[in-house]
1. Might you let me know whether region 31-45 holds any residue that is of a type in the set (Phe, Trp, Tyr), closer than 30 Å to residue 11 by Cβ and either touching a helix residue (DSSP H, G or I) at 6+ places or on another chain (Cβ under 8 Å) or within 16 Å of the ligand (Cβ to nearest atom) (or both)?
2. I'm checking my understanding of the structure. Among residues of region 1-16 that are of a type in the set (Lys, Arg) and more than 13 Å from the ligand (Cβ to nearest atom), which one is farthest from residue 38 (Cα to Cα)?
Amino acid sequence: MKREMFRCACCGRCLPRDPRVKNQDYCGQKKCQQARKNQWQRRKLETDPDYRAGKKESQQIWQSKNKDYWKRYRKNNLASVLRNRQLQKVRDQQRLKPDSQDKQAHTDLVKKDALIAYLNDNSILYTVHPAAVDLAKKDALMTKMNAITTR
Ligand SMILES: [Zn+2]
């Protein structure tokens, strides 16, 4: 019996289908299985609000139990710290260029969802002023800012 072939969505190899795997899109290589898992998780986060909320909650619990994680990480991974410091300088300079758009201002940050969560917080009210005006001005325009994700 000739087995049906499929092309792996990750490595692109053409392989015989495993009859035990329904709708097989990935081969069994470790990197391809990791890609499949990442794809599933990305899709799940986009489409399942309960999964998203559960993940956020478990991350917050983990963060509260590991408050010094990044401090220890930076202490133990000096090369990464120095590399990131250099790359951040480049990102900062890119941001200051006159042709860089505001929507790109936060796209290079490591923790993108922090800014989005902050901007989506309805309890925060922003005022918009012309650049060089007295901040105590009472008739400033009141507005709500919404984060726009670029996916
Ligand atoms: Zn593969």
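What follows is calculated from the coordinates using simple rules that are stated; it is not laboratory data. The structure presented is a predicted model; accordingly, all values stated were derived computationally and were not measured. Cβ coordinates were reconstructed from backbone atoms using ideal geometry, including for glycine residues, and neighbour counts include every protein chain displayed.
1. yes
2. Looking at the filtered set, the residue picked out is 2.
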